[in-house]
1. For region 49-83, enumerate the residues that are part of a loop (DSSP other than H, G, I, E, B) and either without any contact (Cβ under 8 Å) to a residue 24 or more places away in the chain or touching a strand residue (DSSP E or B) at 6+ places or on another chain (Cβ under 7 Å) (or both).
2. Could you grab me the full set of residues in region 56-78 that are over 19 Å from residue 199 (Cα atoms) and buried (at least 20 other Cβ atoms within 10 Å of the Cβ)?
3. Checking the structure you have, find out if any residue of region 217-237 is surrounded by 15 or more Cβ atoms within 10 Å (Cβ to Cβ) and more than 19 Å from the chain's Cα centre (by Cα).
4. So the check is Cβ under 9 Å with 6+ separation or different chains; which pairs have a first residue in region 9-38 that's under 19 Å from residue 52 (Cα atoms) and a second one that's at pLDDT below 90 and surrounded by 10 or more Cβ atoms within 10 Å (Cβ to Cβ)?
5. Consider only pairs whose beta carbons are under 6 Å apart and that are at least six residues apart or on different chains; among these, list those whose first residue lies in region 104-120 and is in contact (Cβ under 8 Å) with a residue 60 or more places away in the chain and whose second residue is crowded, with 17+ Cβ neighbours inside 10 Å and assigned to a helix (DSSP H, G or I).
6. Which residue pairs have Cβ atoms closer than 8 Å, lie 6 or more positions apart in sequence or on different chains, and pair a first residue in region 185-213 that is at positive phi and modelled with pLDDT under 95 with a second residue that is part of a loop (DSSP other than H, G, I, E, B) and surrounded by fewer than 22 Cβ atoms within 10 Å (Cβ to Cβ)?
7. Looking only at residues in region 180-205 that are within 27 Å of residue 249 (Cα to Cα) and out of contact with any helix residue (DSSP H, G or I) (no Cβ under 8 Å at 6 or more places or on another chain), which one is surrounded by the most Cβ atoms within 10 Å (Cβ to Cβ)?
C-alpha cells in the first residue's frame, strides 16, 4: 500500500507500534444475528451461515476472512430486502478465534450443540439443520464441498441449477479442512463450506501482509452473496431438515489449524 501511495505522488507518514501477545484462556466474542422463522412448527430449528472475524495481523484480513463475513452479511441483507419469511430461523454467525483452532465456533458448538470430546449431545443438537461456511478467499462460488454427505447431493444439485450460468455447479464429496464447518461435522451436524475460485488466495494473500482490501473482487463477492442467500433460504424452507450422515461412534479428532 505504501509503495502504491508513493507511486501516486503521496508522501505517507508512518507510525508503527506493535504490542502483540496470545493470552491463554482469553475470552473471545462471536457475533450472532437472525431472521426469525415464520412456521410455528419449524421456527425453533436453525439454518446457520457465516465466516470468521479474526485474522492474522500481517494485513487486514480482507480475504481471510472479512470476505466471508461480508458475503454472509450481504446474504442476510438480501433476504431481508426481499421480505423473505423463512420457515426455519436463519442465523448468521461471525466467529472469533478461528485462527486459533476454531475457538469461537468450537465454543458455540460445545456450549449449545455437543461436546466434541465426549459426544454428549445438548438439547439444541437436533435443531440445527446445517451450517454453511465461506472462508476460502474472495473468489466466486463454484460449488460445495459435501464433507462426505452424499445424501445432500441431489438437494444441492437442484439448488445450484439456477446458478450454473454463474459458474456454480460443482459438488464434490471431498472436504476442505481448516475452517469452522469442521467443528459441526465432527459432532454429526451437516457442515459445509463452499468451493471458491482460488485466485491469489494461497499464493499471495493467505496470512500475509498482502491480505488487504484491494485484493477483494467486488463482482465475485456479489455472486457469492446471491448464491449463499438462495442456499440458506432453500434450507430454511424444506419440509425436512437436511439429511445427516451417521453419528460418529466415537469422538473425532478436530484437525488443528495449520501454522501461517
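The values are calculated or read from the model by the stated rules, or taken from the named source; none is laboratory data. Worth saying up front: this structure is predicted, and the values here are computed from it rather than measured. No Cβ is skipped: glycine too gets one built from the backbone with ideal geometry, and neighbour counts run over all protein chains shown.
1. 53, 82, 83
2. 72, 75, 76
3. Taking every residue of region 217-237 in turn, at least one turns out to be surrounded by 15 or more Cβ atoms within 10 Å (Cβ to Cβ) and more than 19 Å from the chain's Cα centre (by Cα).
4. 22/100; 28/100
5. 105/183; 106/183; 109/183; 113/125; 114/125
6. 207/56; 207/58; 207/260
7. So the residue we want is 181.
Here is a yes/no grid of residues against (1) over 23 Å from the mean Cα position of the chain (by Cα); (2) within 25 Å of residue 220 (Cβ to Cβ); (3) surrounded by fewer than 20 Cβ atoms within 10 Å (Cβ to Cβ); (4) modelled with pLDDT under 95:
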{"position": "24", "(1), (2), (3), (4)": "yes, no, yes, yes"}
{"position": "32", "(1), (2), (3), (4)": "no, no, yes, no"}
{"position": "41", "(1), (2), (3), (4)": "yes, no, yes, no"}
{"position": "54", "(1), (2), (3), (4)": "no, yes, yes, yes"}
{"position": "85", "(1), (2), (3), (4)": "no, no, yes, no"}
{"position": "113", "(1), (2), (3), (4)": "no, no, no, no"}
